[in-house]
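Just below is one structure, and these are the notes that go with it.
The values are calculated or read from the model by the stated rules, or taken from the named source; none is laboratory data. Nothing here was measured: the structure is a model prediction, and the numbers come from that model. Reconstructed Cβ throughout: ideal geometry from the backbone, glycine too, with neighbour counts over all protein chains shown. These area figures cover heavy atoms from the full protein model, side chains too; ligands, DNA and RNA do not enter into them. Shrake-Rupley method; radii C 1.70, N 1.55, O 1.52, S 1.80 Å.
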Amino acid sequence: MDARLKTNIFGPLITILLIIHHHHHHHHRANTTTLALRVLSIAPRILEIPKFLSPVEVQHLLDLATGPSVSMEPSTVSSSGDVSVRGATKPDARSSTGGWIHREHDVVVDAVFRRAADLMGVEEELFRDGAARDDDDYGDREDEHPNRLPTNHRIVEAMQLLRYGPGEEYAAHHDFVYPSVNNRYQPRRFATMLLYLTGEGDFLDERGVRRRFSSSADSSSNSSSSSSSSPPERSPLRGGETVFPRAITTQFHDGVKVKPQSGKAVLFYNVLPDGNMDDLSQHAGGKVESGVKYLANIWVWD
């Protein structure tokens, strides 16, 4: 990856253009992707990336979240510092449903992981999740896979697909977990990437295709006239903002709210540059008022 940064300052906000060159050695060509990174806060460090996902990628992830290939189960919350963060308790703190997909699921999911690695400046090979890296396909000998980068623990989890229906939310929490004192490497979730699949005013039609109402008036009319037997996906999404209650900016000292927007990504860091956990990275998933919020999470470990 070859990346160039261009920065423009507009009032209290900083917008960074990240130009990423993807080199395809087999075809002797390079594709260029330009992403705009908007700094929402520096305490904690929060970046907003509009159009991180293409409409095709958004619809593909929605198809996975609503289809039979991914088992969507009630979401849970880890209550320990164990690296195995899928084990959980405290179900009352989170009222969504979710499922997991590995990077190797298909080429579209692989492309999303690769772009996330490029965005963060991390070698994309390290973005193969722990289960896949331990797979027999990798082999046991280093000379069998000379390009494989060594690591003593997984650096990325499988992508989590999430569905928040009407009235569902996620209470304020931190993504970092404290590793066991017996773990010599002390791995932590140092960064979180949120990928919004549906945004404010979006709904899914009877075929599961994402649509958007042309105006708030149309949205309200459809919501009020919809049958009580219709699934909530048919109503436009309202609510469901991601809230950072402790974030501090030049404009606000009482938190930052991020509205869901299809294709947008939010990247924030759970660990400070000095290695300490960032308490200001606390965040919450606001209550969905109507419709359904679909999103995906990618958690990166150090």
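A compact table of results
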{"read-out": "Given (1) open to solvent by 10 Å² or more (accessible area, probe 1.4 Å); (2) modelled with pLDDT of 90 or more; (3) farther than 20 Å from Pro44 by Cβ, number of the condition Ser229 does not satisfy", "value": "(2)"}
{"read-out": "Among (1) closer than 25 Å to Ile49 by Cβ; (2) modelled with pLDDT under 80 - the single one Gly239 does not satisfy", "value": "(2)"}
{"read-out": "Residues satisfying the stated conditions in the stretch 284-302, i.e. at pLDDT 95 or above, part of a loop (DSSP other than H, G, I, E, B) and surrounded by fewer than 24 Cβ atoms within 10 Å (Cβ to Cβ)", "value": "Gly286, Lys287"}
{"read-out": "Some residue of the stretch 259-281 being open to solvent by 10 Å² or more (accessible area, probe 1.4 Å), modelled with pLDDT under 90 and either over 30 Å from Val122 (Cβ atoms) or part of a loop (DSSP other than H, G, I, E, B) (or both)", "value": "yes"}
